[in-house]
Every structure is written in C-alpha cells, then in structure tokens.
C-alpha cells in the first residue's frame, strides 16, 4: 500500500507533547506499517515559542496561534495535551466542529464537558478519543468501546489513582499515613498539596469518564460520591490483614437495573481479588460483564511517556478507522438514573470498641438484626477492660447497614463511633 | 448515520458458533451504535444441517456447502469457529484470497499456518484477525497491534493455559498433583487425556502466536521450547512459598538484541509480580515495553461465550476499519534469529540435597563460582544426617547455570540431581 504523508498537530508541547512528538518520530515506520500513513507533527500550540523543550520540535512547528491549526486543512488529527478546561475546551470544540478528529489526554475536560464535546464531534462527523485521560497507557477505553461492544458491562472497579495506591501499599509495609505521604511527595508521586489525590477527587473524575463509557450513560463529576484515604490508620491496615485482605482506594461503578451508582472510597479487598495485587503507583481496572466474566487490566497510571503512548495509540486508531463511521457516535446513548445511595448492596467490615462486659456483643448483634443485616463473620479481641469487635456483614443495602451502625453508636456498651469500610463482594461494594 | 445491513457468515456452528450468533443477535443495537452497521448471520457451515443446536440459527442459515459462503458477494466478514487445521486452513485461505476478511478463533491454525494466511490476506487486500485464538476474551492481540504500535515491546510473559494454572493453585491450597488434576478433570477444566495442557504444548502454541505479534517476527510452534508441570510436587510448592513466591506455568517471549527466545515452563513468580495473583483457570499476559513499562491483562482464558465475545469484537473491529488500510499488513515484518538457548539470561531457584558434613556448602558454592554464576540468596535446612540447600542465583546466562548444576550433580556431597526452577526477574527468565 502506498504510504501517505499525514500532518498532525498538538495543542500543548510540555512533557507529554514533546513525548508524543518523539514517539511519532521514532515510531514512524511502525505507524506506517499498521496504518499505511506516515505521521508528522507539523504544528504545536504553545504559549511561548522560544522556551526550551525536552525533545525539540522542528523549526516552524511551534506556534502561539490556534488559527494556524484549525485553519490548516491538511491536518488530519489533533492531540490535545495542554491540560486545563479553559480555553482548552473551546479549542477542542472548534476543532471538532471544523471536522478535525481530536485525541485528548485531559481528564478534567472529559469529566466536565463531555456532553458538549461529543455533540461537537457528532456535528463534525469525526471521532473524539480520550484513552490518555484515564490510567495513562492502560487501554481501558479502547477495550470498553471496541472489544466489549456486545458484553453488557454491569460493574467496573478501578484503582485509578497511583498516589493513594502508593501510600496504601507503603502503609502495608509498616509506614504511617504521614510517613507514606511524605515519601510519595519525595518521589514525585504526590503534590506539595496532595488534596486532589488523597481526597479521592482525582479518582472521582476518572470514574465519571469510565462509568460514562462502560454504561453508555452520562455520569458527571457531581454524580460521583467520594471519600479519601486521609482517615486510614495503621490499625485499619492491620485489621484488613487479619481478614486476609488489603485496603485500596477503589472506584466502583455499578449498574443496578436501570440505575447507576458511582463512588470512590477506601475499601477492603480480599487478597485473592485481582485488585489486591496492584501495588505502588500502578493503576488497574476490573471490568465485569455478561460474556467475559471479568477482565482486569493493570499498569502505570501516570507518567509523561506512558500518557504519550496512549495519545499516539489514539491517533493511530483514528487513522485506522477514518471514513468508516466507527465510533462516531456519542459514547452516551441512554439515560440511567442515579441509584439512591442507600440502595446499593454492600458488604461492610466494621470495627467496634465495646466494654468488656456480658451482653455487649449481643446488643451489637441485635442492632444488625433490627435492620435485617446478616453477619458473615464476627470476632472479639479482648484487651484491658475493653473489647474490639470485628464484624463482616453479608451483602445488604448500604442504608440499612448505616442505620445499624448509627444505632450501635448509641449503645451504652460502645466506646467510640463504629468504623466501617466497604468490602468488594460479588454482588455489591 | 444510516444503518447498513451487513450479512456475515460462520464456518462452524458448535458451542462457539452458536454463541457468536446469539451475541450478534442480542447485541445488534450495540454493534450498530459503534459501527453504523447491523450484523446478521446469513450462513453457517456445518457438517450436518439437521443436528440440533443450542441457540438455533434462522431457517436456511445452516449449510453444508462452503461454496455458498465464498461465492456470496454480500457476505462482508467470515468467522472461523470450526477448529482443526484441515480443511479449515484451506477454507480460510480461499476466503481471504477472495477478498473476504476473516476472524479466526483457531490457535492451532494460527500457530501452524500464519505465513500462508497472512500472504493470502495481503493478496486479497483484507484483514485477518484472531483475538479469540489466544486467551479467549482478553483482548491481548488488539492491544498489541493497535495500542502498542509505537512501544518497542521487549518481553511478554503469559499464563496462557487455564488447566495448569488451576492445578498449580489447587496445589498451593494443599492438593497433590494427582488430586488437583483429578479435580480439574471433574470440573471440565482438563481433558481425560490432559497431555496437551499439562505438557505445556497448548501454551507453546499460544506463545508462538503472541510472540509473532509482539515482535513482528515469525515464531512457529517448533521454535518454542516447552516443559510441563507433571514433575511439580508439593515440596516445590512449599519451597516456593518459603521464597515468598508461587509456581506458575509461564510462557516467556524475550527479545534480546536481534534474537528471540520463546519458552514455556514452570517458574517461580514472586508474590508481588502481577502474574502471581492469577488464580484458578484464569489467564494473564504481562507486556513489557519502552513507553509503557508493563501492562498486565487478566481474565478467563477459555469458555464458549468468552471466546465468542472475542470473535464478535474482531468482527466489529473489521467493520470499523474496512477500507482504511488499517492492519492489512502481515503481522510479521522482520526476521529475528532464535537466541541460542544457553544465552538467555535467567535467574534460578535451585534445591540441592547434600550430606550434612563440613564443606558441602562450600563445594556447591565453588561450582557456581566456576561458571561465574553469582548467588543472590542461600539457605540451608538441616534434617537427620542430610541437608537441603535452597539457592537463588543472580541473573546469568542459562547455559552457565546449567553447567554449574551439572557439575554440582557430580559432587560426592550431593545426594540427588539438583532441581532447578527459573525465576522471573527484571532482566531474564
């Protein structure tokens, strides 16, 4: 097949942009073999064309004028690697409307403006791909949209924030939360202000994107309830170990009938679950569906070259599907309600400090029974004058478990607020 | 976009074929959303059209005449789900030459005749896809060919046989090899004659396919050296546990300079390696490359519906890329030599029974030193009158380690042939 020279452009030329340019230059032969096209970065939008860059662009490539990209009819696809929501979103909208396919690495943009973006892509008759916006080089979006088309995906569980996963695995090795966070900051895994990561907010944005694609229904950032790992202490890690489990910050998107629940929080993961094996700053996603049972994909969830690899893969996929109508639909095709939070079936691991006197255990058990929450496992550890109850419940609606915990917290026998972590189980989370 | 009705055909209508038909019928809307096309199975080649089938085909679909498929110009893609090498291979060649894209689930066909098949696909100007030939629903081939185009993949490690993985995880739970095999047979994971699985031959065929795609160089079944799990005893499993590791039957495809090594055998996998978490009849593949560090994909490696899911995904991908030139190249684009087997860098775990007398340990250590094999870890367990040495070597060329082991076997102090298992390490296997 005759090789065709294909000019492409970048919005942004920072770490990821320069890595995209390098991968395209060094991988030109591989791309040509797969697609029949030879890619060449002909324009890259920057704020200051004179700034020095890691992998230098060819002379004349850097530009500060967006018009030079949108007006250049030869440009076949544009990769957005500049980040931010404004003015980035407006640039992307204009490109799509002008009939240019766009590949984006921008989680915040996708989590906040996907409705507009997909409408513009449909209007322009072009694709919008965004593999790099979630889990860097792990091709979750491609697998969901291209390999699992006929599998009714009913749950997606993800470790989608590497910083918190690093902190939690360091805590398993004996570090305190503060020590682990400081180490993450020293290694560059965590920002000076780590709030976005440790609060679960970053994971929530990624889960909004993944849930939207998995279920074909718009899930926005505001639909995702999240909780962070700031409250996790060594006792919780030790308690998990006694249950032959580990603690992970897990995003869970669940399809329950015609409703959807998406949440992020620290949960207990049984040591035999694939997500328990995800260590350090890695990410992983487990997709559960009718025809596939479950598929887990794991790998580095961040990094300039890893993100660039996903951007280039999307550009290759755009070239490989242009003109066929493939994936030119909005990823959203149905409206699903939000499941009332109390309705989601959950199994809980609960730690309760009680007085060491006859009847305390029975009182606790009664409160669970009052809410029809069945107990899967209960153990009592005695210390000086007090006792700790470790309870794992069977799967029950979250609202009932929470009501039982509130009632338990009011018992005279109970010394402090019961602490609860959800547990990944077959039916709920 | 206007919906286009697309007739497709199947070669074979057994468990997988019937499941493909069902997924296409039930997933028609989903496929149309993704591709703009409505698929319909219009022909399925069978030996006996009157036999009853699980998910019945529409009247007139089943045929015993291959001509009806190859001559029907309306048929846009054919899925080969009949198995066997002959006459299947000839059918597929004829279809490709006639310009019909083919999707195949046939591991033996791909491992034995991929050169002819790809030549025919190139001649016909159409795609040959074969996701379902390896690891059922886990989309390893798609990810290698579409997502990792610009990543120089240098190693691929796979647990690609579910039967042996089931047996090995049962042995970890305390079963003997015989008990675990019998259980696998009872559950339908192993055949009455389990040789193909337990000998590593099945895994070798899959590794030939994966290595070919990963490195773009033809690897045939005969190029893959393999060893099975028949010799694994509870002592080995216990020994692995002491090293904080598990035993897995791992296929390893390694690119070393301009040479390739592909092998299958039982190896020690550190508990923190992603492959150690793969339990039961699941499969998993870890792909190591420049831009991605490593990506692991895990899921069910067999099953009718799981395999059918991959077949349908390939059909969707063919439709989504038709006319673009995408992946119409032979997956093979370079010729790489076979690495001489002794040259591959390996780390070994070795168990040696020695007499409990002064000097035995020193003699063993000297033999390793003679071959310049450096020892990473050594422990000695004493029992009545004899001792067991557990040695883990640093990475060294396999040939040197084997020479050291042969020399150790000849020592007077050594009571039985040293037993060695390779260990997954960063540089070798």
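Read-outs throughout are calculated quantities, based only on the coordinates presented, and are distinct from any laboratory measurement. Owing to the predicted nature of the structure, the values given are computational and were not obtained by experimental measurement. No Cβ is skipped: glycine too gets one built from the backbone with ideal geometry, and neighbour counts run over all protein chains shown.
Things worth noting here:
- For the protein assembly as shown, the antiparallel share of DSSP beta bridges with both residues in that region comes to about 70%.
- MRE, 222 nm, helices only [DSSP H, n ≥ 4, -39500 (n - 2.57), over the protein assembly as shown, to nearest 500]: -10000 deg cm²/dmol
- Take each residue of peptide B:282-288, count the partner chain Cβ atoms within 10 Å of its Cβ, and average: the result is 2.
- Diffusion constant of the protein assembly as shown at 4 °C, which comes from Stokes-Einstein with the Kirkwood Cα-pair radius and 1.567 mPa s, µm²/s: 45
- Peptide packing: for A:85-98, B:89-102, the average count of neighbouring Cβ atoms within 10 Å per residue gives the ranking B:89-102, A:85-98, highest mean first.
- Over all directions, the projected convex hull of the C-alpha atoms in the range A:83-233 averages 10.0 nm² in area.
- Identity and axial distance of the chain B residue whose Cβ lies nearest the axis relating B to A, Å: B:277, 2
- Solvent-free Debye scattering, log10 I(q)/I(0), computed from the Cα coordinates of the range A:299-410 at q = 0.10, 0.19, 0.20, 0.21 Å⁻¹: -0.58, -0.96, -1.03, -1.09
- Fewest-first ranking of A:343, B:314, using other Cβ atoms within 10 Å as the exposure measure: A:343, B:314
- Dividing the convex hull volume of the alpha carbon atoms of the range A:22-172 by its residue count gives 179 Å³ per residue.
- Chain A: angle of helix A:88-97 to the longest principal axis, Cα-based, in degrees nearest 10: 60
- Measuring nothing but how far apart in sequence close Cα pairs (under 8 Å, 6+ apart) lie, relative to its length, chain A scores a relative contact order of 15 percent.
- The order of the peptides B:267-274, A:316-323 by mean Cβ neighbours within 10 Å, most packed first, is A:316-323, B:267-274.
- Angle between chain A longest axis and helix A:107-124 axis [Cα atoms, degrees, rounded to 10]: 50
- Peptides B:216-227, B:42-53, ordered by how many other C-beta atoms sit within 10 Å of their residues on average, highest first, read B:216-227, B:42-53.
- Between helix A:177-186 and chain A there is an angle of about 20 degrees, using the helix long axis and the longest principal axis of the Cα atoms.
- Per-residue Cβ neighbour rank within 10 angstrom, fewest leading, A:176, B:104: A:176, B:104
- Shielding by partners, peptide B:275-281 (average Cβ within 10 angstrom, other chains): 3
- With the label put 7 angstrom out from Cα along the Cα-to-Cβ vector, residue B:427 ends up 5.3 nm from the copy partners, going from closest to farthest.
- For residue A:56, the point set 7 Å out from Cα toward Cβ sits 7.3 nm from its twins in the other copies, listed from shortest up.
- Percentage relative contact order, the range A:145-301, counting C-alpha pairs under 8 Å, at least six apart: 34
- The alpha-carbon atoms of chain A, seen along their principal axes, cover 82, 45, 35 angstrom, with the largest extent given first.
- For the range B:59-102: rounded, prolate or oblate by the Cα gyration tensor [a/c cutoff 1.5]: oblate
- Shielding by partners for peptide B:29-41, expressed as the average number of C-beta atoms from other protein chains within 10 Å of each residue's C-beta, is 4.
- Relative contact order (percent, whole number), the range B:123-222, Cα cutoff 8 Å, 6+ residue spacing: 28
- Label point 7 Å beyond Cα along the C-beta direction, distances from residue A:337 to other copies (nm, shortest first): 6.9
- Proportion of all alpha-carbon pairs of the range B:1-109 beyond 17 Å (%): 51
- Tail weight of P(r) past 18 Å, computed on alpha-carbon pairs of the range B:147-302, percent: 56
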